[in-house]
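J.: The structure under discussion is supplied below as structure tokens; questions concerning it will follow.
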Ligand code: GLV
């Protein structure tokens with residue numbers, strides 16, 4: 001009998017066609033959590049799941065899916081998934097690293113530039129009709145922070161952090177880096193997290209959200225940042241304390257921030273970040289170009305096809321499930 005694979009919402013491109021040759025593929029419309037579409041019995045007969053980062057694949061959902069054989073997420077981050085529960089059951093989890101590296105680093109650098117040079121604030125200023133003869137070009141008008149020649153601290157030196165460092169080199173920035181693994185990268189001065197925060201004019205976060213990185217950039221660490229620094233987060237909400245960031249902007253300790261990811265998404269309308277004109281906000285669009293999204297889908301489907309054919313996934317977050325002791 002053909003396996004049954006659920007896809008939580010329609011995906012760009014025609015990559016699913018190759019999977020549909022091998023199994024029954026059912027595409028949902030992505031507007032509700034999985035357990036609201038399908039009864040316990042229907043979830044129970046599903047062997048494969050292709051999901052997005054907006055799908056919470058938690059313990060109770062996994063319990064309702066006793067026949068699940070693989071999960072493939074169209075994302076590089078997997079903090080929306082209970083990975084230990086999958087690993088314990090020997091279920092491989094696929095993700096999509098590599099293909100979104102440059103696109104996400106482009107977004108981070110765009111946020112850095114926009115925050116430093118007050119791009120979004122300037123746009124709102126004109127639209128609000130405030131650009132008048134009595135309120136225009138003057139020596140102090142809309143002054144921002146210099147990017148060229150400044151110091152950038154990159155927190156997390158995986159592929160995206162390294163791509164950010166390469167972009168900074170093109171702006172003659174001095175690049176400091178810290179990563180939990182202690183990895184060293186050519187062109188990046190390896191320093192402690194404390195030193196990075198102390199010395200950087202710009203700090204950009206490029207870590208996965210895990211139990212150890214949650215709230216890493218908290219009030220205490222923000223208080224040690226260079227006065228007037230700019231913070232960029234295009235990695236995951238939950239790594240930076242939003243309340244502490246808002247307070248540091250309030251007091252003028254930080255000059256600005258560029259934030260693409262939030263503790264809660266969509267960002268609640270009472271978020272203190274919305275009160276600050278110098279926070280450039282984007283709605284978790286780091287990897288959002290057509291080409292990159294198609295490549296992510298291609299990788300997620302290739303991971304699924306490998307799993308359906310009982311082969312190891314190309315990109316597996318928990319490869320220990322393939323070790324003999326797990327079977
Ligand atoms: C985006 O945030 C991803 O994890 O792919």
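The values are calculated or read from the model by the stated rules, or taken from the named source; none is laboratory data. The structure presented is a predicted model; accordingly, all values stated were derived computationally and were not measured. Virtual Cβ from ideal backbone geometry, glycine too; neighbours counted across all protein chains shown.
J.: Only one of (1) within 16 Å of the ligand (Cβ to nearest atom); (2) in a loop (DSSP other than H, G, I, E, B); (3) assigned by TED's automatic domain parsing to the domain that holds residue 8 is not met by residue 299, so which one is it?
T.: (2)
J.: Condition (residue is at pLDDT 95 or above, closer than 18 Å to residue 147 by Cβ, outside the structural domain of residue 74 (by TED's automatic domain parsing) and more than 16 Å from the ligand (Cβ to nearest atom)) applied to segment 210-221: is it met by at least one residue? Give the steps one after another, and end with the answer.
T.: At the first step, the residues of segment 210-221 found to be at pLDDT 95 or above are 210-221.
If we keep only those that are closer than 18 Å to residue 147 by Cβ too, we end up with none.
No, segment 210-221 contains no residue that is at pLDDT 95 or above, closer than 18 Å to residue 147 by Cβ, outside the structural domain of residue 74 (by TED's automatic domain parsing) and more than 16 Å from the ligand (Cβ to nearest atom).
J.: Which residue is surrounded by the fewest Cβ atoms within 10 Å (Cβ to Cβ), if the candidates are limited to segment 169-180 and must be more than 19 Å from the chain's Cα centre (by Cα) and assigned to a loop (DSSP other than H, G, I, E, B)? Let's see the steps before the verdict.
T.: Looking only at segment 169-180, we keep the residues that are more than 19 Å from the chain's Cα centre (by Cα), and these are 169-176.
Checking which are assigned to a loop (DSSP other than H, G, I, E, B) leaves us with 171-173.
Working: 171: 17, 172: 10, 173: 20.
My answer is 172.
J.: Residues 102, 79, 55: which one is within 16 Å of the ligand (Cβ to nearest atom), in a helix (DSSP H, G or I) and either buried (at least 19 other Cβ atoms within 10 Å of the Cβ) or in contact (Cβ under 8 Å) with a residue 12 or more places away in the chain (or both)? Full working, then the answer.
T.: Details: 79 fails: in a helix (DSSP H, G or I); 55 fails: in a helix (DSSP H, G or I).
From the options 102, 79, 55, the qualifying one is 102.
J.: Cβ-Cβ distance below 7 Å, separation of 6 or more or different chains: which pairs start in segment 12-41 with a residue that is free of Cβ contacts under 8 Å to residues at least 12 places away in the same chain and end on one that is surrounded by 10 or more Cβ atoms within 10 Å (Cβ to Cβ)?
T.: Short answer, once both residue conditions are applied: 37/28.
J.: Let me ask something else about it. Exactly one condition in (1) without any contact (Cβ under 8 Å) to a residue 40 or more places away in the chain; (2) assigned by TED's automatic domain parsing to the domain that holds residue 165; (3) under 21 Å from residue 208 (Cα atoms) is false for residue 85; which is it?
T.: It fails just one condition, (2).
J.: Name the single residue, out of those in segment 251-290 being assigned to a helix (DSSP H, G or I) and in contact with a helix residue (DSSP H, G or I) (Cβ under 8 Å, 6 or more places away or on another chain), that is farthest from residue 145 (Cα to Cα). Explain how you work it out, then say what you get.
T.: So in segment 251-290, the residues assigned to a helix (DSSP H, G or I) come out as 272-275, 290.
Next, from what is left, pick out any that are in contact with a helix residue (DSSP H, G or I) (Cβ under 8 Å, 6 or more places away or on another chain): 272-273, 275.
Working: 272: 23, 273: 20, 275: 21 Å.
Selected residue: 272.
J.: For segment 43-56, give me each residue that is under 23 Å from residue 309 (Cα atoms) and in contact with a strand residue (DSSP E or B) (Cβ under 9 Å, 6 or more places away or on another chain).
T.: Residues of segment 43-56 under 23 Å from residue 309 (Cα atoms): 43-52.
Result: 43, 45, 46, 47, 48, 49, 50, 51, 52.
J.: Among the residues of segment 83-96, how many are in a loop (DSSP other than H, G, I, E, B) and surrounded by 18 or more Cβ atoms within 10 Å (Cβ to Cβ)?
T.: Looking only at segment 83-96, we keep the residues that are in a loop (DSSP other than H, G, I, E, B), and these are 89-92, 95-96.
Applying the additional criterion that residues be surrounded by 18 or more Cβ atoms within 10 Å (Cβ to Cβ) yields 91-92, 95-96.
Count: 4.
J.: What single numbered condition from (1) in contact (Cβ under 8 Å) with a residue 24 or more places away in the chain; (2) over 30 Å from residue 6 (Cβ atoms); (3) more than 16 Å from the ligand (Cβ to nearest atom) fails to hold for residue 138?
T.: The number of the failed condition is (1).
J.: May I ask you to say which residue of 238, 258 is within 16 Å of the ligand (Cβ to nearest atom) and in contact with a strand residue (DSSP E or B) (Cβ under 6 Å, 6 or more places away or on another chain)? Break it down into steps so the answer makes sense when it comes.
T.: Numbers: 238 fails: in contact with a strand residue (DSSP E or B) (Cβ under 6 Å, 6 or more places away or on another chain).
When all the criteria are applied, what remains is 258.
J.: State which residue pairs qualify: first residue touching a residue at least 40 places away in the same chain (Cβ under 8 Å) and more than 17 Å from residue 52 (Cα to Cα) and inside segment 279-291, second residue within 12 Å of the ligand (Cβ to nearest atom) and outside any helix (DSSP H, G or I) in any location, beta carbons under 6 Å apart, and separation of 6 or more residues or different chains.
T.: From residues that are touching a residue at least 40 places away in the same chain (Cβ under 8 Å) and more than 17 Å from residue 52 (Cα to Cα), the pairs are 282/260.
J.: Whether any residue in segment 112-119 is out of contact with any strand residue (DSSP E or B) (no Cβ under 8 Å at 6 or more places or on another chain) and over 21 Å from residue 296 (Cα atoms) is what I want to check. Even if it seems obvious, please write down each step before you answer.
T.: Restricting attention to segment 112-119, the residues satisfying the condition of being out of contact with any strand residue (DSSP E or B) (no Cβ under 8 Å at 6 or more places or on another chain) are 113, 117.
Add one more test, that the residue is over 21 Å from residue 296 (Cα atoms), and what stays is 113, 117.
Yes, there is a match, as at least one residue in segment 112-119 is out of contact with any strand residue (DSSP E or B) (no Cβ under 8 Å at 6 or more places or on another chain) and over 21 Å from residue 296 (Cα atoms).
J.: Regarding residue 166, is this residue closer than 19 Å to residue 101 by Cβ and either within 19 Å of the chain's Cα centre (by Cα) or in the same structural domain as residue 208 (by TED's automatic domain parsing) (or both)? Please lay out each step first, then the result.
T.: Working: closer than 19 Å to residue 101 by Cβ: yes; either within 19 Å of the chain's Cα centre (by Cα) or in the same structural domain as residue 208 (by TED's automatic domain parsing) (or both): yes.
Yes, satisfied.
J.: Among the listed residues 43, 38, 34, 52, identify the single one that is at pLDDT 95 or above and assigned by TED's automatic domain parsing to the domain that holds residue 89. Talk me through it step by step, then tell me what you get.
T.: Details: 43 fails: at pLDDT 95 or above; 38 fails: at pLDDT 95 or above; 34 fails: at pLDDT 95 or above.
Of the residues listed, the single one that is at pLDDT 95 or above and assigned by TED's automatic domain parsing to the domain that holds residue 89 is 52.
J.: Which one of 70, 109 is buried (at least 20 other Cβ atoms within 10 Å of the Cβ), in contact with a helix residue (DSSP H, G or I) (Cβ under 6 Å, 6 or more places away or on another chain) and assigned by TED's automatic domain parsing to the domain that holds residue 256? Show your work before the answer.
T.: Numbers: 70 fails: assigned by TED's automatic domain parsing to the domain that holds residue 256.
Sole residue among the options that is buried (at least 20 other Cβ atoms within 10 Å of the Cβ), in contact with a helix residue (DSSP H, G or I) (Cβ under 6 Å, 6 or more places away or on another chain) and assigned by TED's automatic domain parsing to the domain that holds residue 256: 109.
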